[in-house]
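For reference, the structure discussed in these notes is given below.
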Amino acid sequence: MRGLITALRTLTRIPCPGQDADSLAFALPFFPWIGALIGGLTLIMAMAVRWVLPFDFLAAVIPVLFLAWLTRGLHLDGLADTADALGGGQTIERRLAIMKDPHVGAFGVITLIGALLLKIGAFQALIEISRYDDLFSPSFGHFGLSIALPFIVSRTVQVWLCVALPYARATGGTAGPFVAGAQWPHWAFALAGALCLC
């Protein structure tokens with residue numbers, strides 16, 4: 001259970017009592033389950049606002065902001081760092097230095113704006129398609145799957161990346177302990193959990 005606690009604390013801002021796992025890699029098999037939780041909470045938020053707000057655009061903005069809040073902007077921060085590093089660094093050393101810099105550059109800002117607009121557009125399209133459906137209609141089921149499923153898949157892919165690829169930085173880094181202890185059994189359990197959830 002400590003792995004689950006660590007996964008929840010790592011991927012969300014949801015408070016959870018208890019001790020973290022001895023090795024952060026023990027949290028990896030639980031990543032798809034936390035992805036399902038994030039997707040489920042985002043789906044509930046999207047369902048609530050689509051019934052309350054008459055404008056599809058506003059109803060799409062709120063789940064995107066909720067998702068950023070729930071995950072502490074972890075992936076948005078990483079996306080901005082990556083965009084800045086790829087756009088501004090010509091060598092590996094320079095790219096790693098840019099990624100370590102807490103400031104966001106022009107490439108990061110442009111990428112963040114684009115990513116948020118794409119998310120809002122996707123939510124808006126889903127809300128428009130399903131706005132007048134009841135809970136048991138097929139298109140409402142597609143609405144739910146379209147929101148929840150990507151979070152399960154993306155958190156499962158995170159585990160695979162930790163296992164399959166070396167950490168970019170030789171020392172330090174936030175995800176370093178996860179990658180250092182990641183092994184193929186972690187990926188196998190994460191994949192099995194993801195398949196069950198899907």
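Between the listed residues PHE107, ALA180, LEU191, the Cα displaced farthest toward the positive end of the dipole of the chain, a dipole computed from Cβ unit charges relative to the Cα centre, is found at ALA180. Magnitude of the charge dipole for the chain, about its Cα centre and with charges confined to Cβ atoms of Lys, Arg (+1) and Asp, Glu (-1), is about 240 debye.
Of the residues PRO54, ILE5, LEU74, the one whose Cα sits farthest towards the positive end of the charge dipole of region 1-94 is PRO54 (charges of +1 on Lys and Arg Cβ, -1 on Asp and Glu Cβ, taken about the Cα centre).
For PHE57 and THR82 in the same chain, what is the full-extension length gain: residue separation times 0.36 nm, less their Cα-Cα distance, in nm?
Numbers: separation 25, 0.36 × 25 = 9.00 nm, distance 2.83 nm.
Fully extending the segment from PHE57 to THR82 adds 6.2 nm.
How much length is gained on full extension from VAL153 to ILE92, taking 0.36 nm per residue of separation minus their Cα-Cα distance? Mind dumping the intermediate values first?
On the way: separation 61, 0.36 × 61 = 21.96 nm, distance 2.91 nm.
Length difference between fully extended and current span is 19.1 nm.
The long axis of helix 138-164 is offset from the longest Cα principal axis of the chain by roughly 0 degrees. Note on the chain: Cα-Cα pairs beyond 24 Å make up 48% of the total pair count. Surface analysis of the chain yields an accessible area of 56 Å² per residue, using protein heavy atoms and a 1.4 Å probe.
In the chain, Cα pairs under 8 Å separated by at least six residues give a relative contact order of 31 percent. In the chain, the longest principal axis of the Cα atoms and the axis of helix 74-88 are about 60 degrees apart. Computed over every Cα-Cα pair of region 9-111 and binned at 5 Å starting from 0, the pair-distance distribution P(r) comes out as 2, 11, 15, 15, 14, 17, 14, 8, 3, 1, 0 percent. For the chain, the longest principal axis of the Cα atoms and the long axis of helix 2-11 meet at an angle of about 70 degrees.
The values are calculated or read from the model by the stated rules, or taken from the named source; none is laboratory data. For clarity, every value in this text was computed on a predicted model and none was experimentally measured. Backbone-built Cβ (ideal geometry, glycine too); neighbour counts: all protein chains shown. Ligands, DNA and RNA are stripped out before the accessible areas are found, and what is left, the full protein with its side chains, is counted by its heavy atoms. Shrake-Rupley method; radii C 1.70, N 1.55, O 1.52, S 1.80 Å.
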